Amino acid sequence: PQVLPSVVRPGGDISVVSPEAAKRFDLPASCRVVGGTTDSIAAFIASRASSPGEAVTSLGSTLAIKMISSKQVDDAKYGVYSHRLGDTWLV
């Protein structure tokens, strides 16, 4: 049996809230549930950077530096990993 939900892109449509949740939290029955993301990736998306080589820093409880790349870059030794972002990679 499927234990975990399907993965959707950030902002991707999942469903409407259940009638029970809508009633409990006083939400409209039409309230949509969508995929989320981490704060640093949300900050990157909000920056509207869109071309390989463009980078954004996000300072909160941690400092995140994200850059668009045409290639996936991963190096566990340095804590570097990539997220798929459309046809590019967010490193």
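Since every read-out is calculated from the coordinates, none of them should be taken as a lab result. Predicted, not measured: the structure shown is a model, and the values here were computed from it. Every residue, glycine among them, receives a Cβ derived from its backbone with ideal geometry; neighbour counts consider all protein chains shown.
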*asked:* Quick check: pseudo-label points 7 Å beyond the Cα along Cα→Cβ at residue 70 and residue 37, how many nm apart are they?
replied: 2.2
_List the residues, sorted by chain then number, that are 5 or more residues from residue 85 or on another chain and whose placed amide H is less than 5 Å from its amide H._
90
*Taking springs between alpha-carbon atoms closer than 10 angstrom, which of 58, 50, 30 fluctuates most in the Gaussian network model of the chain?*
30
_Net length gained if the chain between residue 83 and residue 14 were fully extended (0.36 nm per residue, minus Cα distance)_ = 22.8 nm
*Applying the Karplus parametrisation 6.51 cos²θ - 1.76 cosθ + 1.60 with θ = phi - 60° to the phi angles of region 13-29, what ³J(HN,Hα) value in whole Hz is obtained for each residue in order, glycine and proline being reported as x?*
5, 10, 5, 9, 5, 5, x, 5, 5, 4, 5, 4, 9, 6, 9, x, 4
*asked:* I need to check one value: relative contact order of the chain, counting alpha carbon pairs closer than 8 Å and at least 6 residues apart, in percent.
replied: 17
*Once Cα extents along the principal axes in Å is worked out from the coordinates, which option in [x] 41, 33, 23; [y] 71, 24, 19; [z] 45, 33, 26 does it equal?*
[z]
*Return the sequence-ordered ³J(HN,Hα) values of region 66-79 in whole Hz as given by the Karplus equation 6.51 cos²θ - 1.76 cosθ + 1.60 applied to θ = phi - 60°, using x for Gly and Pro.*
10, 9, 7, 9, 7, 10, 5, 10, 9, 8, 4, 4, 10, x
*For residue 30 and residue 4, compute 0.36 nm times the residue count separating them, minus their Cα-Cα distance, and round to one decimal in nm.*
6.9 nm
*asked:* Whole-Hz ³J(HN,Hα) for each residue in region 45-50, computed from phi via Karplus 6.51 cos²θ - 1.76 cosθ + 1.60 with θ = phi - 60°, x for glycine and proline: what do you get?
replied: 4, 5, 6, 6, 4, 9
*Give me the distance in nm between label points sitting 7 Å out from Cα along the Cα-to-Cβ direction at residue 51 and residue 22, one decimal.*
4.6
*Given H placed 1.01 Å from N in the peptide plane, which residues other than close sequence neighbours of residue 73 have an amide H under 5 Å from its amide H?*
82
